[in-house]
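Notes follow the structure.
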Amino acid sequence: MQLTALRAVTDAERCFRTMDDIELTPFQRTVSEMVLDTPAPGKHCARSAMAHIQRAWVIRTVDPEMSAFRAITGEEESATAIFHALQRRRYAGSSGLRLRDHRTKSAVIPFLDAVALTFANLESLNLRPTLEVDTRQAQKRLQVRVTLQASDGEEKWAYPDPPLDFTTAMDGDLDDFSDAIHALATKRGVVSLVKLIEKRANYRNRLLYATAGGVPKIEGPIEPLLLRRRDHIYRNLIIFLLIDQHSEHQRFVQQTLDAFLRLIKRVPRSDNTT
């Protein structure tokens with residue numbers, strides 16, 4: 001059997017004809033369209049991620065185990081899209097990302113979950129960041145709007161340009177997210193985020209192969225799992241766009257990349273890659 005690459009327009013048309021089978025928010029639909037205007041190879045990984053979660057939904061009732069496997073593959077493809085954006089924009093250290101290593105790609109979701117915890121502090125500072133689509137240019141771009149509460153009670157808006165050109169600090173030092181990583185590991189009931197990453201990476205293999213305990217089988221409804229992984233995929237695609245659409249090096253992107261590279265140094269390589 002020979003596999004050939006599909007034309008972007010053909011894949012996009014097929015994807016959007018059937019995408020109604022899985023619920024997407026209007027913003028997720030906009031992201032689906034925007035990634036098609038990005039360059040290869042990141043664009044193709046993004047397209048693949050969208051196709052995987054769609055097909056996972058289609059087969060969920062006839063083959064739930066393969067449905068879950070496709071959803072996981074979609075997560076990994078969306079992570080790879082981020083890696084390609086970092087390398088295309090030549091961020092320091094991005095050449096060290098393991099694009100074909102399952103554990104490295106599996107690390108992206110829990111790492112971003114940890115980073116997200118740090119933004120909970122913005123609530124106490126009366127800062128409310130919101131993602132928007134800038135349509136002033138011929139090509140749509142994502143932008144971040146920060147709502148500020150002025151001393152007189154009036155709300156004001158700020159638009160960082162580029163959107164991720166800021167840093168976060170803890171006690172005056174650049175945040176390496178170690179506190180958030182530890183907090184997330186504790187919340188998930190594991191001793192470290194590395195253990196959680198290994199558990200996530202091994203889950204894909206447990207869906208495929210029999211063990212001494214028997215043949216793998218997903219019990220209960222699979223829809224919540226697929227919807228959760230859909231949201232992971234689209235969060236990754238949003239980050240991919242925020243990086244890839246800007247040639248300038250954004251300080252928060254470099255800050256989080258540095259922390260991610262430190263994390264994956266402690267993660268063993270996968271036994272197999274793809």
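The values are calculated or read from the model by the stated rules, or taken from the named source; none is laboratory data. Remember, it's a predicted structure, so these values are computed and weren't measured experimentally. Here Cβ is always computed from backbone atoms with ideal geometry, including for glycine, and neighbour counts include all displayed protein chains. Note: areas computed on protein heavy atoms with side chains; ligands, DNA, RNA excluded. Shrake-Rupley method; radii C 1.70, N 1.55, O 1.52, S 1.80 Å.
Have a look at Ala116, Ala81, Ala120 and point out the one that is over 27 Å from His52 (Cβ atoms), of a type outside the set (Asp, Glu) and in a helix (DSSP H, G or I).
Just a single option satisfies the conditions, and that option is Ala120.
Going by the conditions given, is Leu164 among the hydrophobic types (A, V, I, L, M, F, W, C), assigned to a loop (DSSP other than H, G, I, E, B) and buried (at least 17 other Cβ atoms within 10 Å of the Cβ)?
yes
Working only within segment 148-161, note down all residues that are open to solvent by less than 50 Å² (accessible area, probe 1.4 Å) and closer than 30 Å to Leu36 by Cβ.
Ala158, Pro160
Name the residue, out of Ala81, Ala92, Ala116, that is surrounded by 19 or more Cβ atoms within 10 Å (Cβ to Cβ) and aliphatic (A, V, I, L, M).
Ala81
Among the residues of segment 119-145, what is the count of those that are at pLDDT below 85 and either within 15 Å of the chain's Cα centre (by Cα) or surrounded by 13 or more Cβ atoms within 10 Å (Cβ to Cβ) (or both)?
Total meeting the criteria: 4.
Please go through segment 140-161 and give me each residue that is part of a strand (DSSP E or B) and of a type in the set (Phe, Trp, Tyr), ordered by number.
If the condition is that a residue be part of a strand (DSSP E or B) and of a type in the set (Phe, Trp, Tyr), then Trp157 is the only one that fits.
Could you please let me know if Arg228 is modelled with pLDDT under 90 and open to solvent by 70 Å² or more (accessible area, probe 1.4 Å)?
The answer is no for Arg228.
For segment 239-262, which positions are buried (at least 18 other Cβ atoms within 10 Å of the Cβ) and either more than 18 Å from the chain's Cα centre (by Cα) or within 18 Å of Ala46 (Cβ to Cβ) (or both)?
Ile239, Phe240, Leu241, Leu242, Ile243, Asp244, Gln245, His246, Val253
Which members of segment 21-37 meet the condition of being among the polar types (S, T, N, Q) and open to solvent by less than 10 Å² (accessible area, probe 1.4 Å)?
Ser32
Would you confirm whether or not segment 201-212 contains a residue that is at pLDDT below 95, out of contact with any Cys (no Cβ under 7 Å at 6 or more places or on another chain), small (Gly, Ala, Ser) and open to solvent by less than 10 Å² (accessible area, probe 1.4 Å)?
Yes; the residues of segment 201-212 include at least one that is at pLDDT below 95, out of contact with any Cys (no Cβ under 7 Å at 6 or more places or on another chain), small (Gly, Ala, Ser) and open to solvent by less than 10 Å² (accessible area, probe 1.4 Å).
Would you please list the contacts, defined by Cβ atoms under 9 Å and residues six or more apart or on different chains, that run from a residue in segment 189-207 that is farther than 23 Å from Ile222 by Cα and hydroxyl-bearing (Ser, Thr, Tyr) to a residue that is open to solvent by 20 Å² or more (accessible area, probe 1.4 Å) and not in a helix (DSSP H, G or I)?
Once the first residue is farther than 23 Å from Ile222 by Cα and hydroxyl-bearing (Ser, Thr, Tyr) and sits in segment 189-207, its partners that are open to solvent by 20 Å² or more (accessible area, probe 1.4 Å) and not in a helix (DSSP H, G or I) give Ser192/Arg266.
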